[in-house]
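Colleague: The structure that follows is given in the form of structure tokens.
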Amino acid sequence: MVLILGCLKAIVDRAQRPKEAGASTSFDWIFVWLLLFVGVTGLATEILRFVADPGAHAAEQAGQTGLQYFAYAVYFVHLVFVFDLLVYLPYSKFAHIVYRTVALVYSEHMGRNEVGMEKA
């Protein structure tokens, strides 16, 4: 729920920001919208999972219901959005979260930070 609220706040803040304060590119918008869709479909999947599956005993007697098939469809859509987000991540600005962390760990492992500190 917090993920959804954070994405909505980011969308509203970006939409209300003056143009001279920095323009958001379409690549920035894609990430926020994908994150919002992942959050909404994930929440819907969890809600439908609890509503559509009343328990193992009742499911054996009633068989598959239409609501369970709808829950499977929402889950499939959720997985598509998660896949899209994972595929998009290396091509966005947010890839620097991973790239920078790896670069810092590598430079620490190679001893670059220690050499720079000794010369100073």
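The values are calculated or read from the model by the stated rules, or taken from the named source; none is laboratory data. Keep in mind it's a predicted model, so treat the numbers as computed, not measured. Here Cβ is always computed from backbone atoms with ideal geometry, including for glycine, and neighbour counts include all displayed protein chains.
Colleague: Just one of the numbered conditions (1) more than 19 Å from R14 (Cβ to Cβ); (2) modelled with pLDDT under 80 is not true of L43; which one?
Modeller: Condition (2) is where L43 drops out.
Colleague: Right, next: Would you confirm, using the coordinates I've provided, whether L35 is surrounded by 12 or more Cβ atoms within 10 Å (Cβ to Cβ), assigned to a helix (DSSP H, G or I), hydrophobic (A, V, I, L, M, F, W, C) and modelled with pLDDT of 90 or more?
Modeller: yes
Colleague: Of all residues in region 61-120 being outside any helix (DSSP H, G or I) and surrounded by 11 or more Cβ atoms within 10 Å (Cβ to Cβ), which is modelled with the lowest pLDDT?
Modeller: T65
Colleague: Any residue in region 28-51 that's touching a residue at least 40 places away in the same chain (Cβ under 8 Å) and under 14 Å from L86 (Cα atoms): show its pairings with residues that are part of a helix (DSSP H, G or I) and among the β-branched types (V, I, T) at Cβ separation under 7 Å, as long as the two are six or more apart or on different chains.
Modeller: Matching pairs, first to second residue: V38/V82.
Colleague: Can you tell me how many residues within region 1-27 are more than 23 Å from L86 (Cα to Cα) and among the aromatic types (F, W, Y)?
Modeller: Residues in region 1-27 being more than 23 Å from L86 (Cα to Cα) and among the aromatic types (F, W, Y): 0 in total.
Colleague: So L5 clears everything in (1) modelled with pLDDT of 85 or more; (2) touching a helix residue (DSSP H, G or I) at 6+ places or on another chain (Cβ under 8 Å); (3) not acidic (D, E) except one condition, right? Which one?
Modeller: Only one criterion is unmet by L5, namely (2).
Colleague: If G55 satisfies all but one of (1) at pLDDT below 80; (2) among the small types (G, A, S); (3) under 24 Å from I4 (Cβ atoms), what's the number of the condition it fails?
Modeller: (3)
Colleague: Then there's this: Among the numbered criteria (1) loosely packed, with under 11 Cβ neighbours inside 10 Å; (2) within 30 Å of Y72 (Cβ to Cβ); (3) of a type outside the set (D, E), which one does A15 miss?
Modeller: Looking at each condition in turn, A15 falls short on (2).
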